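Asks: Shown below is the structure under consideration.
We did not get these values from a lab; they are worked out from the coordinates using the rules stated. Everything quoted here is computed from the prediction, not taken from an experiment. Note that each Cβ is placed from the backbone with ideal geometry, even for glycine, and that neighbours are counted across all protein chains shown.
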Amino acid sequence: MKRYIDVLCVVLTSAVLYTSCMGDDSNSSGTVYDDMAITAFRLTTVNRYLHTTTKTGKDSVYKKTLSNPVNFIIDQNTYEIYNTDSLPYGCDVKHILATISSKNNGQIMIKSVVGDTLKFYYNTDSIDFSTPRQVQVYTSDLQKYRTYTVKVNVRQVDNREMSWELMSLKDLPQYGSEKYFEEWDEKVKAAGLREFIGEGTIEAYAYSNDGKLMVSIDDGLTWTPDSIGDNASLLPTSNIEFLSLPFAVNDSTDYQLLVGSNENDTEHSVVWRKVAEFGYDFDPCKWVQIPFSHYNKYALPKLKNIDLVYYNGLILAIGSDKNIYQSRDKGITWKTSSAYQLPKSLESNDFIAFTDILGQYIWVYGKDNGEVWRGLKID
């Protein structure tokens, strides 16, 4: 009964306001429409609150304001209004500004979250959409109304962060090919070299017994000293990791990184890069060290058992400190973020990290305890 009394009060109040606006002028006239519908619905202001980490490692929150972030469907058969693409994680759905339009400028009212109280809709009023809301639209004579249910869908999982699941050993994809590495080890040893480093599209690399970086362009049959820029003494000598990926700027070109530890630096990993061309009439390229001097606040720290992974368009370095360092500038700066983190339950202290053949997942395999994790990142 209370619901109908509340509605009657609203209707009578609106009728009085409507009549007073008409005035006593006998020449005044107005058109009365007896149909009603909500014709448009959009979110004009949605605040999103995101957690981040400052340079000092302190957690902080920043606000991002979204305007009309998703499209809404108005089903005139079921009288439902909803968004098929969810709002991103972290949106404050309890305080949203919305624009609602009606046919023939019919009056719009919103039912309270609890109870049957109705209040007039204004596009400057904040609306709580944390639960489905009932919105009523009235005919211009306020004699009839239609009720719509508005549901605002929002993501419940932060897709900015990696999602990890514990897998079994049988799920682990093959990490490279043991036969592949065995074959290269045999070629390197047959040539009298110390260790195999890695292979790009054309060029393969190995260290000689006296620490020289060697290159082969004939599948390991012959080896020659590779061209090195300044500071060759700062090439990595331990915890060595190599990565080769297509260079987006030029065709028939690899972008290669050589990372590891050098006894001349106790705090940072040394990072070298090479742009290796292999097209017709290509020019020889050389390895160049990426500096890590004091002005680079985001140099890659010294890591044991380091792995380089190319994932989601980023170069990731994963090592003994169980952090993931991401580089967006091809190895110059390395930063940690909440978007890329190893699983908190990872127990292994001696693990390898790699992507599957499609680059869809990051896999982590603990060599010391056999645990297997699969990570997925969706932007």
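Asks: Projected area of segment 110-160, taken from the Cα convex hull and averaged over every viewing direction, in nm²? Could you put the intermediate results ahead of the total?
Replies: Working: hull surface 19.7 nm².
Directional mean of the projected Cα hull area for segment 110-160 stands at 4.9 nm².
Asks: With a Förster radius of 51 Å, plug the Cβ-Cβ distance of residue 166 and residue 82 into 1/(1 + (r/R0)^6) and report the FRET value to the nearest 0.05.
Replies: Details: r = 35 Å, r/R0 = 0.68.
Using R0 = 51 Å, I get an efficiency of 0.90.
Asks: Classify segment 137-224 as rounded, prolate or oblate, taking a ≥ b ≥ c as the square roots of the eigenvalues of its Cα gyration tensor: rounded when a/c is under 1.5, otherwise prolate if a/b is larger than b/c and oblate if not. Show your work: numbers first, answer last.
Replies: On the way: a/c = 5.91, a/b = 3.88, b/c = 1.52.
Here segment 137-224 falls in the prolate category.
Asks: Right, next: Amide H of residue 42: which non-local residues (sequence gap of 5 or more, or other chain) have their own amide H closer than 5 Å, using H built in the peptide plane?
Replies: Placed amide hydrogens put 99 under 5 Å from residue 42.
Asks: With r as the distance between the Cβ atoms of residue 103 and residue 335 and R0 = 56 Å, compute the FRET efficiency 1/(1 + (r/R0)^6) and round to 0.05. Please list the in-between numbers first.
Replies: Values: r = 52 Å, r/R0 = 0.94.
It comes to 0.60.
Asks: Can you order the peptides 62-68, 324-330 by their average number of other Cβ atoms within 10 Å per residue, highest first? Working shown, then result.
Replies: Details: 62-68: 11.3, 324-330: 18.1.
The packing order, highest mean first, is 324-330, 62-68.
Asks: Tell me, what HN-Hα J-couplings in whole Hz come from the Karplus equation 6.51 cos²θ - 1.76 cosθ + 1.60 at θ = phi - 60° for each residue of segment 121-137, using x for Gly and Pro?
Replies: 8, 10, 6, 9, 8, 6, 10, 8, 10, 5, 9, x, 10, 9, 10, 10, 10
Asks: Based on the alpha-carbon gyration tensor of segment 315-379 and its eigenvalue square roots a ≥ b ≥ c, which shape applies: rounded if a/c is under 1.5, prolate if not and a/b is larger than b/c, or oblate? Each step should come with its number before you reach the end.
Replies: Numbers: a/c = 1.81, a/b = 1.41, b/c = 1.29.
Since a/c reaches 1.5 and a/b is larger than b/c, the shape of segment 315-379 is classed as prolate.
Asks: I'd like the per residue volume of the convex hull spanned by the Cα atoms of segment 244-291, given in cubic angstrom. Write down the numbers at each step before the final one.
Replies: Details: hull volume 3.8 nm³, N = 48.
Per residue, the Cα convex hull of segment 244-291 comes to 80 Å³.
Asks: With θ set to phi - 60°, apply the Karplus curve 6.51 cos²θ - 1.76 cosθ + 1.60 along segment 332-344 and write out the HN-Hα couplings as whole Hz, x wherever there is a Gly or Pro.
Replies: 3J(HN,Hα) across segment 332-344, in whole Hz: 7, 10, 9, 10, 9, 7, 5, 6, 10, 9, 6, x, 4.
Asks: Could you sort 212-221, 307-316, 183-192 so that the peptide with the highest average Cβ count within 10 Å comes first and the rest follow in order?
Replies: Details: 212-221: 16.3, 307-316: 18.2, 183-192: 14.8.
Going from most to least packed, we get 307-316, 212-221, 183-192.
Asks: Which of the residue pairs 302/322; 179/344; 187/367; 286/330; 170/302 have a Cα-Cα distance greater than 22 Å in the structure shown? The partial results should precede the final answer.
Replies: On the way: 302/322 12 Å; 179/344 33 Å; 187/367 26 Å; 286/330 16 Å; 170/302 32 Å.
Check vs 22 Å cut-off fails for 179/344; 187/367; 170/302.
Asks: Here's something else I'd like to know. Using each residue's phi in segment 211-220, evaluate 6.51 cos²θ - 1.76 cosθ + 1.60 at θ = phi - 60° and report the 3J(HN,Hα) Karplus result to the nearest Hz, with x for Gly and Pro.
Replies: Karplus-based 3J(HN,Hα) across segment 211-220 equals x, 7, 7, 10, 10, 9, 10, 10, 6, x Hz.
Asks: Mind checking which aspartates and glutamates have their Cα closer than 15 Å to the Cα of residue 119? Skip sequence neighbours fewer than 8 apart in that chain.
Replies: Result set, ordered by chain and number: 6, 128.
Asks: Show me, bin by bin at 10 Å from 0, the whole-percent P(r) of segment 230-379 based on Cα pairs.
Replies: 11, 39, 35, 14, 2, 0
Asks: All other residues with a Cβ under 14 Å from the Cβ of residue 227 taken together, and with Lys, Arg as +1 and Asp, Glu as -1, what is their net charge? Intermediate results must be reported in sequence, preceding the final value.
Replies: On the way: positive: 212, 273, 274, 286; negative: 203, 226, 230, 277, 283.
Net of charged neighbours comes to -1.
Asks: Another one. With the alpha-carbon atoms as the only input, what is the per residue convex hull volume for segment 83-133 in Å³?
Replies: Numbers: hull volume 5.1 nm³, N = 51.
Value for segment 83-133: 100 Å³ per residue.
Asks: Could you work out, for segment 204-277, what percent of all Cα-Cα pairs fall into each 5 Å distance bin, beginning at 0 Å and stopping at the bin that holds the largest distance?
Replies: That works out to 3, 15, 23, 25, 18, 10, 4, 1, in percent per bin.
Asks: Find the all-direction average of the projected area of the Cα convex hull for segment 64-174, expressing the result in square nanometres with one decimal place.
Replies: Values: hull surface 43.9 nm².
Across all orientations, segment 64-174 yields a mean hull projection of 11.0 nm².
Asks: Volume per residue, Å³, of the convex hull around the alpha-carbon atoms of segment 231-310? Numbers along the way, then the final one.
Replies: Details: hull volume 8.6 nm³, N = 80.
Value for segment 231-310: 108 Å³ per residue.
Asks: Note the direction-averaged projected area, equal to a quarter of the hull surface, for the Cα convex hull of segment 143-292, in nm². Present the calculation step by step, with values, prior to reporting the outcome.
Replies: Values: hull surface 72.3 nm².
If you wrap the Cα atoms of segment 143-292 in a convex hull and average its projections, you get 18.1 nm².
Asks: Taking amide H positions as placed in the peptide plane 1.01 Å from N, state which residues far from residue 94 in sequence (5 or more) or on other chains have amide H under 5 Å from it.
Replies: Distant-sequence amide H within range of residue 94: 129.
Asks: Net charge around residue 320, counting only other residues with Cβ within less than 10 Å of its Cβ (Lys, Arg = +1; Asp, Glu = -1)?
Replies: Numbers: positive: 302, 304, 322; negative: 321, 350.
Combined, the nearby Lys, Arg, Asp and Glu give +1.
Asks: Which length gain, in nm to one decimal place, applies between residue 350 and residue 61 when the Cα-Cα distance is subtracted from 0.36 nm times their residue separation? Don't skip to the answer; put the middle values down first.
Replies: Details: separation 289, 0.36 × 289 = 104.04 nm, distance 3.40 nm.
Length difference between fully extended and current span is 100.6 nm.
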